[in-house]
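Some notes on the structure that comes next.
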Amino acid sequence: QRWQLLQRLSVPEAVDPAHLEVIGAAPRQSAAVGVRMEATAVSAGTARGPVRIWNATRPVYDMPAGSVLVCASLDTGLTPLLLRAAAVVVERGGLLSHGAIVARQLGIPAVVLAGARELLHDGQVVVVDGDCGCLLCDGEPAP
């Protein structure tokens, strides 16, 4: 039971002694419609689509074409997903990361937004702007 409780703690990627209060803090709330979030642009372009939060338990074929792929980071195993993605949002990485380089080669907009998997949810429609480095929450998908 203690192990399960500890698994629910929100822990940052890097621990900063000056900001220890963030360890175990309540998770951030999902972004509301119309919210514009600043991000780091790593591949130019703009695309709109429904969010697809990626995790290791999801099968590779579970990525509808035109989705915005949201994941912790892009490694070589996720490269086939980029062929179906309209855009990419990663939580960590930079201009020289594997995901950024491949996204640029494929012409897919990509941004880095810390905590993206907590802020966004599956099906939420977003606009990824790799030109100005931002993400706009556009709404919910039509039923």
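For the range 43-64, the residues whose amide N sits under 16 Å from a probe point set 7 Å from the Cα of C132 along the beta carbon direction are 44-48.
A Cβ-based charge dipole, computed about the Cα centre of the range 40-123 with Lys and Arg at +1 and Asp and Glu at -1, lands at about 140 debye. If R0 is taken as 22 Å, the Cβ-Cβ distance between V35 and Y61 corresponds to a FRET efficiency of 0.10.
From the Cα gyration tensor of the range 48-104, with a ≥ b ≥ c the square roots of its eigenvalues, which class applies: rounded if a/c is under 1.5, or else prolate if a/b is larger than b/c, or else oblate? Prolate shape, in that a/c is at least 1.5 and a/b is the bigger ratio.
Listed values for the range 94-111 are Karplus-derived 3J(HN,Hα) couplings in whole Hz (6.51 cos²θ - 1.76 cosθ + 1.60, θ = phi - 60°), namely x, 4, 9, 6, 4, x, 5, 5, 5, 4, 5, 5, 8, x, 9, x, 8, 9, and x replaces Gly and Pro.
We did not get these values from a lab; they are worked out from the coordinates using the rules stated. Computed from a prediction, not measured in an experiment: that's the story for all the values here. All Cβ positions, even for glycine, are placed from backbone atoms using ideal geometry, and neighbour counts span all protein chains on display.
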